[in-house]
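Comments concern the structure below.
The values are calculated or read from the model by the stated rules, or taken from the named source; none is laboratory data. This structure is a prediction, so every number in the text was calculated from the model and none was measured. Cβ atoms come from the backbone with ideal geometry, glycine included; neighbour counts cover every protein chain shown.
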């Protein structure tokens, strides 16, 4: 399932740039949200359940990536550059862990924003987009592509990621 979704997203990425695909997903999810009866508590609870399931799927992906990074424990060196262009030498293990923790932080921040938008501001329709888009972005993440899918893409992805 994960490899099928990744294949679909990478194929579409070849046809349409990723930012255009995000806009298409947002516009389509807005149209779906307009057609839903968000005043009905049953529909709203189903939408909340889908949002929670989406975030649990993403958390599962991050846990799988974390376990793979820990099991692999790749201590080979990689040359990176900082924001000022100075070369930095680190290990693949440290580099991938820092990228993973940044992705987890972004996901937690996204959940907090969704909670504020949904409960405090009362924007219920945005939860449709917030259920789909983070899942798409998680499957497009290079760490997921390397450690979870582990297909032919593994040889084509080099660090630092571009």
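Yes or no: the range 8-19 includes at least one residue that is modelled with pLDDT under 90, within 17 Å of the chain's Cα centre (by Cα) and in a loop (DSSP other than H, G, I, E, B).
yes
Is it the case that residue 58 is at pLDDT below 90 and assigned to a helix (DSSP H, G or I)?
Against the criterion (at pLDDT below 90 and assigned to a helix (DSSP H, G or I)), residue 58 does not qualify.
Is there a residue in the range 89-106 that is within 24 Å of residue 37 (Cβ to Cβ) and out of contact with any helix residue (DSSP H, G or I) (no Cβ under 6 Å at 6 or more places or on another chain)?
no
Residue by residue, here is whether (1) surrounded by 11 or more Cβ atoms within 10 Å (Cβ to Cβ); (2) at pLDDT below 85; (3) more than 18 Å from residue 60 (Cβ to Cβ) holds:
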{"residue": "79", "(1), (2), (3)": "no, yes, yes"}
{"residue": "82", "(1), (2), (3)": "no, yes, yes"}
{"residue": "101", "(1), (2), (3)": "yes, no, no"}
{"residue": "105", "(1), (2), (3)": "no, no, no"}
{"residue": "112", "(1), (2), (3)": "no, no, yes"}
{"residue": "118", "(1), (2), (3)": "yes, no, yes"}
{"residue": "121", "(1), (2), (3)": "no, no, yes"}
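Since residue 23 meets every condition but one in (1) surrounded by fewer than 11 Cβ atoms within 10 Å (Cβ to Cβ); (2) out of contact with any helix residue (DSSP H, G or I) (no Cβ under 9 Å at 6 or more places or on another chain), which condition does it not meet?
It fails just one condition, (1).
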